[in-house]
Amino acid sequence: MRRLVSRFILLAMAMMVARADAAPELRAFWADTWHAAMRTPAEVDAMLQAARTARANALFVEVRKRGDAYYISHYEPTAGDVASGFDPLAYLIQRAHNETPRIEVHAWLVMLPVWNSTTPPSNPAHPFNRFPQWLTLNDSGANFDGNNYSFDPGNPEAADFMYRVALDVLRHYDVDGVHFDYIRFAGDRWGYNPVSVSRFNAAYGRTGQPAYNDSVWSQWRRDQVTQLVRRIYASAVALKPWCKVTAATITWGNGPTSESAWFSTSAYSAVFQDWRAWTEEGILDIAIPMCYYNHANSTYRTYFNNWITWAKNHRYNRSVAIGLGAYMNTLSNTLAQIDLVRTPTAQGGYSDGVVFYSYAAPNVDGSGNIQWYNPTAYTTFGNYFGQWEPVPALPWKTSPTTGIVMGVALRGSDLQPLDRATVTLFRSGFSRSMRADGNGAFAFIDVPPGTYTLRVSASGLPVVNRTVAVSAGSVWRETVLAGTLGGVPLPIDDLIQQSDGLVVILPDVRVVAGNDRLGGSIYVEDGQTPTAIRVNTNPAVPWIEGDRVAVLGTLSTQGNERVIVPAAIRLVGVEAPSTHSLQLQVVWQQWLSGSVPVQVDVLRRDGALVKRYTFTPDDTGIVTWPRDGAIAPGWYDVRVKSSHWLSARLRDVFLPTTGAAEISLVNGDVDGDNEVTLYDFGLLVQAFGTMPGDALWNPNADLDGDGEVTLFDFGILVSSFGLSGE
């Protein structure tokens, strides 16, 4: 009885403190995948039901836990606890977006930790097993921090890999955002990957190993993390400007109460996560500081208040929401923390909402015991909020007034990244400069509209100036090759006419078929024509469709195909999967009715079947099929067969491409054997005079589609007698 009374009081409190001025507000849960959340459809359904009960409008779901994937990844293995054949993220998005109320889905990525046990993962494809050279080390040479093995963002290959992993989700799933976790070092003694140390020494003319508390070395590590965030943010805006880039950021200890106090926080000085600078620069849409403090403790209440005040006052031109440690608080204390989050600061700072950690552990009882998947907690939150509200609009996304300039700087002779090249964007009254990262990448955020000069300066190379035009909401991407080019730059159409042995360079081309489908080669297009050329390459991290690459190599002929054997290939950007298509106009000869299903075979020139499709054209006979990545670019024959028409073949079609072609089908193949013979004549005789519903009705004998078998159908058959399909 006492428990029932307590629950009644708690629910009454929740209803009393609910805001009267309901307005858009982020109300979300973090849903980790160490616990039940999205291993099966039933788990996803239960999570969504709980979220809707709580009047939540977003879920931050852990889709990369430790180098594994709760989605179909091009780079990492599927998590071992996912039901066979199940795509958790795809199912979640479908159910979250298509049912009412709509729930936003943010892909939560644990960024740098890649494994959490001293026993290696059993899957040889796991990145921990494949790339041990990317692990961060501490100043004593150890690579396990007691909790995790982590990749080091100061190693350009590791940073490039994490860039691709983050954007892989964005490119292939209709997520509402990508969410970073553990995008930091484990502590101030970490970051000693040999490649990062070597780069640091080269940059500052040093030798040996820097001390862990060396201020220049600390800033170097801080920069490596920030550069990764910046690169992902700019590319995310280019890919899907409406998607949100967010991060769960470190608090730890007492919150800063002055501007200078920020530089003593663990976030800034120990793990090198300068998230205050990220919001100021605009490379995060929403910072979500993890203010996990037990509200029953007066000291921690002070820490909590100081952190949320700091966060609300340092949102700059971006958004802040507060992460609440619901897993360590009673329901009444979590509600008290929400009240504090909703209260503006003395300076007018505010939060756009709350994110609960976690869906699995929404509260503790009075004795501090976690109440796993507690339905009372979800109901209490729902009663507190009162009614569902949408997430707040982000004006820099819905009504942008600035643009982005981004790109990659490479040495023209060998496509080596211009690590730490000085990149300056300027015009009269405006100038910004930055250092390119270890992959040569750079990005300027929130650039006012106008025409600018982009200048790249690197030691020993001539200065390169480019003119760029920025408009509101635009992303200008520039690939800069500095110095003498190592090959002849030619359009692909011209290149394939050249002699073998010519060294060529393609500064910025799109991968239209990748290693994930073709193994040891890719195909690239330059966008000037639909012609593609094969590039022989089989890297440890595959190239996939939509990658933008620079290629340097030697032209060759293998079989009847022109090929580039590369000396170097570099990632210069990413794009979404192609929506290009081939449009085929099918003409059914001597046919009065509507559209008929067709079988479309894509054949190699030797007749081998590559891919078979079945389509129902529209009423005009037009078939359109998307570039699905199943066909490597090249020249093919296309064969079309439909019901009682003979097959026809289009020869020498370049696929995949955007284009149009017409194919005409000859009528009269009643038995479907692809020739018109006496057997077809016999079937026509058998069905003569029948209509639909008659015992002997044969729809394939109704050659003209008028609903009866008559002399007109015999006339069609006679005109085609003796013919066979292609």
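The values are calculated or read from the model by the stated rules, or taken from the named source; none is laboratory data. None of the values given here were measured: they were computed from a predicted structure. Backbone-built Cβ (ideal geometry, glycine too); neighbour counts: all protein chains shown.
Could you go through the stretch 373-385 and let me know if any residue there is modelled with pLDDT of 95 or more, small (Gly, Ala, Ser) and surrounded by fewer than 16 Cβ atoms within 10 Å (Cβ to Cβ).
Taking the stretch 373-385 first, the residues modelled with pLDDT of 95 or more are 373-385.
Still in the running and small (Gly, Ala, Ser): 377, 382.
The next check asks that each one be surrounded by fewer than 16 Cβ atoms within 10 Å (Cβ to Cβ); those that pass are none.
No, the stretch 373-385 contains no residue that is modelled with pLDDT of 95 or more, small (Gly, Ala, Ser) and surrounded by fewer than 16 Cβ atoms within 10 Å (Cβ to Cβ).
Of the residues contained in the stretch 291-298, none is found to be in contact (Cβ under 8 Å) with a residue 40 or more places away in the chain, under 26 Å from Asp446 (Cα atoms), surrounded by 23 or more Cβ atoms within 10 Å (Cβ to Cβ) and in the same structural domain as Trp262 (by TED's automatic domain parsing). Filtered by the rule that a residue be at pLDDT 90 or above, polar (S, T, N, Q) and over 16 Å from Gly514 (Cα atoms), the stretch 538-594 gives Thr554, Ser556, Thr557, Gln558.
Being in contact with a Phe, Trp or Tyr (Cβ under 6 Å, 6 or more places away or on another chain) and of a type outside the set (Lys, Arg) holds for only one residue in Phe185, Phe180, Phe144, Phe161, and it is Phe185. For the stretch 459-517, a tally of residues being touching a Pro at 6+ places or on another chain (Cβ under 7 Å) and farther than 19 Å from Ala568 by Cβ returns 7. If you go through the stretch 602-641 and pick out every residue that is modelled with pLDDT of 75 or more, part of a loop (DSSP other than H, G, I, E, B) and either assigned by TED's automatic domain parsing to the domain that holds Asp516 or surrounded by 19 or more Cβ atoms within 10 Å (Cβ to Cβ) (or both), you end up with 1.
Residues are listed down the side, and each one gets a yes or a no for (1) under 21 Å from Asp32 (Cα atoms); (2) modelled with pLDDT under 95; (3) out of contact with any helix residue (DSSP H, G or I) (no Cβ under 6 Å at 6 or more places or on another chain); (4) surrounded by fewer than 20 Cβ atoms within 10 Å (Cβ to Cβ):
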{"residue": "Ala321", "(1), (2), (3), (4)": "yes, no, yes, no"}
{"residue": "Ile338", "(1), (2), (3), (4)": "no, no, yes, no"}
{"residue": "Gly348", "(1), (2), (3), (4)": "no, no, yes, yes"}
{"residue": "Gly353", "(1), (2), (3), (4)": "yes, no, yes, no"}
{"residue": "Asn369", "(1), (2), (3), (4)": "yes, no, yes, yes"}
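Residue-by-condition table, conditions (1) modelled with pLDDT of 95 or more; (2) of a type in the set (S, T, N, Q); (3) not in a loop (DSSP other than H, G, I, E, B):
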{"site": "Asp21", "(1), (2), (3)": "no, no, no"}
{"site": "Ala46", "(1), (2), (3)": "yes, no, yes"}
{"site": "Glu62", "(1), (2), (3)": "yes, no, yes"}
{"site": "Tyr75", "(1), (2), (3)": "yes, no, no"}
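Considering the stretch 164-210 alone, what residues qualify as being assigned to a helix (DSSP H, G or I) and over 30 Å from Tyr71 (Cβ atoms)? Spell out the reasoning first.
Just the residues of the stretch 164-210 that are assigned to a helix (DSSP H, G or I), to begin with: 164-172, 194-204.
Once the filter is applied, which keeps residues that are assigned to a helix (DSSP H, G or I) and over 30 Å from Tyr71 (Cβ atoms), the stretch 164-210 yields Pro194, Val197, Ser198, Arg199, Phe200, Asn201, Ala202, Ala203, Tyr204.
Can you pull out the residues in the stretch 87-132 that are in contact with a helix residue (DSSP H, G or I) (Cβ under 8 Å, 6 or more places away or on another chain) and polar (S, T, N, Q)? Don't jump to the end; show me each part of the working.
In the first step, residues of the stretch 87-132 are kept if they are in contact with a helix residue (DSSP H, G or I) (Cβ under 8 Å, 6 or more places away or on another chain); the result is 88-89, 91-92, 95-96, 99, 101-105, 107, 109, 111-112, 114-115, 120-121, 123-124, 127, 131.
Within the stretch 87-132, just Asn123 meets the criteria.
Is it the case, given these coordinates, that Leu239 is in contact with a Pro (Cβ under 7 Å, 6 or more places away or on another chain) and in contact (Cβ under 8 Å) with a residue 60 or more places away in the chain? First the steps, then the outcome.
Numbers: in contact with a Pro (Cβ under 7 Å, 6 or more places away or on another chain): no; in contact (Cβ under 8 Å) with a residue 60 or more places away in the chain: yes.
Criteria not met by Leu239.
Here Phe272 meets each of (1) surrounded by fewer than 20 Cβ atoms within 10 Å (Cβ to Cβ); (2) in contact with a helix residue (DSSP H, G or I) (Cβ under 9 Å, 6 or more places away or on another chain) with one exception, condition (1).
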